[in-house]
1. Being assigned to a loop (DSSP other than H, G, I, E, B), buried (at least 19 other Cβ atoms within 10 Å of the Cβ) and aliphatic (A, V, I, L, M) is true for just one of Leu337, Leu313. Which residue is that?
2. For the stretch 348-362, state whether one or more residues are farther than 20 Å from Ile256 by Cα and aromatic (Phe, Trp, Tyr).
3. Can Pro514 be described as more than 20 Å from Gly298 (Cα to Cα), in a helix (DSSP H, G or I) and touching a residue at least 24 places away in the same chain (Cβ under 8 Å)?
4. Can you tell which of Tyr325, Tyr331 is over 29 Å from Met251 (Cβ atoms), modelled with pLDDT of 95 or more and assigned by TED's automatic domain parsing to the domain that holds Gly250?
5. Spot the failing condition for Leu177; the list is (1) surrounded by 13 or more Cβ atoms within 10 Å (Cβ to Cβ); (2) at pLDDT 75 or above, and only one is missed.
6. Return the residue satisfying two criteria in turn: it lies in the stretch 465-499 and is surrounded by fewer than 19 Cβ atoms within 10 Å (Cβ to Cβ) and aromatic (Phe, Trp, Tyr), and of such residues it is modelled with the lowest pLDDT.
7. Identify the single condition in (1) more than 28 Å from Tyr505 (Cβ to Cβ); (2) assigned to a loop (DSSP other than H, G, I, E, B) that Ser318 does not satisfy, given that it satisfies every other one.
Amino acid sequence: MKKTTLTSPGKSYLYLPECVLILILLTLKSFFFNQYIKLGDFAPVMTAATAAIFTLIFLLKKLISKKSPANLLFPLYIIASLFMMIDRMYFAYFNKLPGILALQMVEYLGAVSSSVIDIFNLGHAMYIIDLPILALYMLFWRKKAAFALRTTKFRNTKRNPAKFSLGAASGLLAGCLLFIGCHALNENFHFSYLKNELFTYHITDVITVISKQMAQNNLDPADYIQVIAPTDTEGEESAPKDPLNGIAQGMNLVNIQVEAMQAFVLNRTYNGQEITPFLNSLLASDTIFFDNYYYQIGGGNTSDAEFAVNNSLFTPESEAAYVKYTTNDYYGLPFILKDNGYSGAYAFHGYNGDFWNRKEAYVYQGFDYYYAKEDLAQEDILGLGISDKSFFTQALNIMETYEEPFYTFMVTLSSHHPYDLPESLWQLELEPVHQNTLYGDYLQTMRYVDEALRLFFDGLKEKGLYDNTAVTIYGDHFGLPNYDWYSKYYMTEWIGHEYYEADMYNVPLIVHIPGLGEAKTISTTGGHIDYLPTILYLFGYENTKGVMFGQNLITATSGITYEQTHMARGSFISDDVIFVYPQNGIMVNAVAYDKKTGEIIPATGYEEISAAAIKAYEDCNALLEKNAVVLIKFTKIDGTRRDFISSSGVEFCEKI
């Protein structure tokens, strides 16, 4: 019996409906995808561009080969569908499309699998739901369809299906190009916007990463050196010393980075229940509260917040600083405090030590010892790792053995997305509509974290450490995204105004100094890179060796933070305005808000500040790339510290 293959006459009539079906499905998916990634009015033209690319591939394949174009279009369609699903999921969490550099973060997905599962929904699944059916068709049903066509009326027809399909495809391609051309007549459209088309975006991203060389800016690191707490020169007149300058000098410093804590949970109630009763009480005395403080991270998320805080440096946009610049030379908070007589710098985290490359990176950050999950008793696991309550208890037992003064840096874990706190630990009575939602789970988790912090402060007092210990508490990044519809709806209803970027990016910075004698709120806009210069001012220490991009928020008369990641580079938050540079580069989609009212204002006139925001990141990344953020580097020979000074800040003696 003769084997039926697609070289039979039925094939000629089969590939046209196949290709039409693929194109229709791709066009539908592409349109909904482009709408989801906020291309707005430009979604149709991007969809037409994708259809044009597929049609062009069909024509080229038909002209150069007698085999069915569907043999190529089917695999491309599968790849495009998978990309749209992955891109959509990434966009759902990061509010931007992924780049090839994000692939370096894949190894960390296993640790946050619960977050990935929580993000996945039917909207993402729609891009791949038809793929199993198409696979079955290609493997089992396609030959039967070709045989059926070969034995029907098509067998003796004189119509030439090849010419017909070429003509139809040519007409479709011309139509797509005409549509794009007509759109180009719109004064708001620029051909550069076509880089947002699915295939164009990923192809140009790969080419850019492969070909791009770090801009070798002629930067002198000395231009970024800031003396934060200068000593008055003897014999010269000077203004009266600020009582806050050096008020914490000689005290232990415990710096607590709270996972996903946002500022809106402070001093707020839910149906009469305080979300953070302990932190609210802490704000009432011996505390400086920075209420206009905003997170600044890159591809490393939580680890990048640490990097920015301890070094006053911007992180890479799509990579983790601890991974990309692990072995660079730094002169951040751990080094500065030890150079001013501190016995050591110690890091604590309740998760695996290798995660985000912390175990190796912390050495170069200046930490003397890192206590990770494997170094602590794993007696109370909650979510990803050791519960915050157990974590704080164990850390206190270790801290009391340190010679004072010391620096302790702690990263909490229990409030990590998706905030899956056991019901036995719930302390808030939520309305039924809010139970088992991201919003409700987040509030429950923040209440738990507040209780853990209360127990930690009680432990400081019990161990006799409290009076000589300054404690800083800040959030690393957002907990509830404003681009998640349900979170935005519930938050808007709760806080009484539209939940927007200012709310999402605003994390608390709390500086508690026993004996301060006052409760003070500073509203100057600041971010993670401003932490280091601000703390140095309060402790009365100088940094004349290392680059810092932040400013001292105590004495600053105005403030601004430059953002990236969840907002595109070029975005900024000032004392008066929030400017959101569009992730897709379509400038008509730029948005500006009046910070005091939250109302949308014209997004024009901010080009200079936006350009300065981009340049700040580029300058910092260029210095990091050249390992030039320290003017004075040192090594040790026989235990003796030796400094090597370079005017360029680039070439140094090798470490011994």
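1. Numbers: Leu337 fails: assigned to a loop (DSSP other than H, G, I, E, B).
Checking each option against the conditions leaves just Leu313.
2. Checked the stretch 348-362: no residue is farther than 20 Å from Ile256 by Cα and aromatic (Phe, Trp, Tyr).
3. On the way: more than 20 Å from Gly298 (Cα to Cα): yes; in a helix (DSSP H, G or I): no; touching a residue at least 24 places away in the same chain (Cβ under 8 Å): yes.
Answer is no for this residue.
4. Details: Tyr331 fails: over 29 Å from Met251 (Cβ atoms).
Of Tyr325, Tyr331, the one residue that is over 29 Å from Met251 (Cβ atoms), modelled with pLDDT of 95 or more and assigned by TED's automatic domain parsing to the domain that holds Gly250 is Tyr325.
5. If we test Leu177 against (1) surrounded by 13 or more Cβ atoms within 10 Å (Cβ to Cβ); (2) at pLDDT 75 or above, just (2) comes out false.
6. Tyr483
7. All conditions pass for Ser318, except number (1).
One line per residue, one yes/no per condition, for (1) modelled with pLDDT under 85; (2) exposed (fewer than 14 other Cβ atoms within 10 Å of the Cβ); (3) under 23 Å from the mean Cα position of the chain (by Cα):
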residue: Thr200; (1), (2), (3): no, no, no
residue: Val209; (1), (2), (3): yes, yes, yes
residue: Asp220; (1), (2), (3): yes, no, no
residue: Val227; (1), (2), (3): yes, yes, no
residue: Asp232; (1), (2), (3): yes, yes, no
residue: Lys241; (1), (2), (3): yes, yes, no
residue: Gln257; (1), (2), (3): no, no, yes
residue: Thr269; (1), (2), (3): no, yes, no
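The values are calculated or read from the model by the stated rules, or taken from the named source; none is laboratory data. If you're wondering where the values come from, they're calculated on a predicted model, not measured in any experiment. Methodologically, a virtual Cβ is constructed for each residue, glycine included, from the backbone with ideal geometry; neighbour enumeration extends over all protein chains shown.
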